[in-house]
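This report concerns only the one structure given below.
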Amino acid sequence: MERLTAKNNEKIKSAVAVRDSVKVRRESGLFFLEGARLCADAAENGVTVCRAFLTAKALEKYSSYAEKIIASAQEAYEISEEISGKLSDTQNPQGIFCLCKAEGKNAQTAEIKADGKYIFLENVQDPSNLGAVSRTAEALGIDGIFVCGGCDIYNPKALRASMGSALRIPVYSCENAVELIENLNKKGMLTLASTPDSSAELITDVDMSGGVVSVIGNEGNGITSETMSACKKKVTIPMGGRAESLNASTAAAILIWEMVRK
């Protein structure tokens, strides 16, 4: 395995650029992962690992993970601790990093199950929310996540927050929320726009027996009026406290639970 020691090496500079820039991720078709477990998850779940970077300490400490990553990677490099510090955006780096191929799914062309359960995130900005929703969605067993606008689905913080779930559950990107909602309506699916409006139907009263898509909006502004109008129903989560609304990932968790519970 080739050893890299210079921080200005082109391979290292390229990895940092992918880590830091949405534009570079989109143009290169790559995304960045950090951490032994997350990189091993990618290797084990059919993600194409283009380049792997591992420190000598990581090769020893996380040997079982490292073996899987190296075996899967098209290229693997041993790096110095100094380079590890440059690649990492965490306080305590484990010394394992990967550049992977972004093989995203487009919601407009994907085969969506008409009887499936999906969560739809519109303009959700916080990568931690996207990651948390991915983790909940996988844990509770829904069929996938639609993401329109907002945070890049390959944001490193979102991938870390998902604990690998975003690499295992289908995540579909979409450019036009209203068009997608209308297509889902035509499939006979129940599309639900979540809102703190007390006049909306209680989510606990909704029949979830068929295909359902629950939409969560932007953290500050909620769902756009156009998307709200396109959905078949407006629903609200009953709240007995004084808070006016819930965090996006918390609201998503409740909606997902209601979809699978019924």
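The values are calculated or read from the model by the stated rules, or taken from the named source; none is laboratory data. What you see is a predicted model, and the numbers here were worked out from it, not measured in a lab. Please note: Cβ atoms are built from the backbone with ideal geometry, for glycine as well, and neighbour counts cover all protein chains shown.
Here is how the numbers come out for the structure above:
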read-out: Subset of the range 57-86 (residues that are part of a helix (DSSP H, G or I), buried (at least 18 other Cβ atoms within 10 Å of the Cβ) and either hydroxyl-bearing (Ser, Thr, Tyr) or at positive phi (or both)); value: TYR65, SER72, SER84
read-out: Selection count, the range 1-23, where residues are free of Cβ contacts under 8 Å to residues at least 12 places away in the same chain and crowded, with 16+ Cβ neighbours inside 10 Å; value: 1
read-out: Check on ALA158, buried (at least 19 other Cβ atoms within 10 Å of the Cβ) and within 30 Å of VAL18 (Cα to Cα); value: yes
read-out: Subset of the range 87-112 (residues that are surrounded by fewer than 16 Cβ atoms within 10 Å (Cβ to Cβ) and modelled with pLDDT of 95 or more); value: LYS101
read-out: Matching residues in the range 140-169 - criterion: being more than 8 Å from the chain's Cα centre (by Cα) and of a type in the set (Gly, Ala, Ser); value: GLY141, GLY144, GLY149, GLY150, ALA161, GLY164
read-out: Top-ranked residue in the range 244-262 [being assigned to a helix (DSSP H, G or I) and not hydrophobic (A, V, I, L, M, F, W, C); ranked as nearest to the chain's Cα centre (by Cα)]; value: SER249
read-out: Any chance ASP197 is under 29 Å from LEU99 (Cβ atoms) and either in contact with a strand residue (DSSP E or B) (Cβ under 7 Å, 6 or more places away or on another chain) or in a loop (DSSP other than H, G, I, E, B) (or both); value: no
read-out: Checklist (1) out of contact with any strand residue (DSSP E or B) (no Cβ under 8 Å at 6 or more places or on another chain); (2) farther than 30 Å from ASN221 by Cβ; (3) β-branched (Val, Ile, Thr) applied to THR109, failing item; value: (2)
read-out: Lone unmet requirement of (1) in contact with a Lys or Arg (Cβ under 6 Å, 6 or more places away or on another chain); (2) assigned to a helix (DSSP H, G or I); (3) not acidic (Asp, Glu) for LEU99; value: (2)
read-out: Tally of residues being in a helix (DSSP H, G or I) and either of a type outside the set (A, V, I, L, M, F, W, C) or outside the structural domain of ILE69 (by TED's automatic domain parsing) (or both) across the range 24-43; value: 6
read-out: Qualifying residue in the range 182-199 (condition: surrounded by 20 or more Cβ atoms within 10 Å (Cβ to Cβ) and closer than 21 Å to GLY104 by Cβ); value: yes
